[in-house]
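K.L.:
I'd like to ask some things about the structure below.
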Amino acid sequence: MRKKNKFLFTAVSLAAGVFLMTTGAMAADTDAEKRQLLEEQLKKLEEEARAFDVVIQQIQGQAHTLENEQKVMDAEIKQRELEIKRLSVAIEKAELDITTKGTIIVDLSEKIEKSRETLAASLLLLHYYNQANPLTMLFTNQNLSDFFNSLFSLQRVQESIHSTLISFKEDRTKLTTEKETAEDYKKDQQELR
């Protein structure tokens, strides 16, 4: 009778823990909080599954009676239910990770597009400055300071093109890496399902 009470207490505690973990997942506000909550749920579910393993082994170690067999089956059912919930939480976490990677990819794509536009504008301006003869620029400016301002502007345009090209190359490399990582992650998650 005492073992029945202990088993029932364990089962009720498990059900209450699963209920609290499920309602806790709904209350998370941000992706980071959701991810943290999901990881905590996974740990708790794994701990509870290990506890059921111990209960199953203890009951199996006792004399085989119909009641003990029923307890073993009940514990195994609970263990399978926990495994299903653990997989559901893992899938939810994976979907959140995939969404995060998708956001990173979109952001990088937008940044690359802005870099292209900046680069195009800078190259057009550089072309304009290259078409002008320095002697012509000197005579077209009303004073010497305007001429030097034009030269300084040319230097800034060249520096801008250089830094934009470096940023553009780095972002394209990051984008390629993120896309490959996301594809690999999606394939891994599909295999798990």
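K.L.:
With of a type in the set (G, A, S) and surrounded by 11 or more Cβ atoms within 10 Å (Cβ to Cβ) as the only criterion, which of S88, S145 stands out? Give the derivation first.
P.N.:
Numbers: S145 fails: surrounded by 11 or more Cβ atoms within 10 Å (Cβ to Cβ).
Every option except S88 fails the conditions.
K.L.:
Only residues in the stretch 133-162 that are without any contact (Cβ under 8 Å) to a residue 60 or more places away in the chain count as the first member; pair them with residues that are outside any helix (DSSP H, G or I) and surrounded by 11 or more Cβ atoms within 10 Å (Cβ to Cβ), Cβ under 7 angstrom, at least 6 apart or cross-chain, and list the lot.
P.N.:
Sorted first by the residue in the stretch 133-162, then by its partner, the pairs are F147/N141; S150/N141.
K.L.:
Name the residue, out of L119, L175, L135, L151, that is of a type in the set (A, V, I, L, M), surrounded by fewer than 11 Cβ atoms within 10 Å (Cβ to Cβ) and over 30 Å from F52 (Cβ atoms).
P.N.:
L135
All of the numbers you see were taken from the coordinates with simple rules; none came from a lab. These numbers come from a predicted model, not from an experiment. Reconstructed Cβ throughout: ideal geometry from the backbone, glycine too, with neighbour counts over all protein chains shown.
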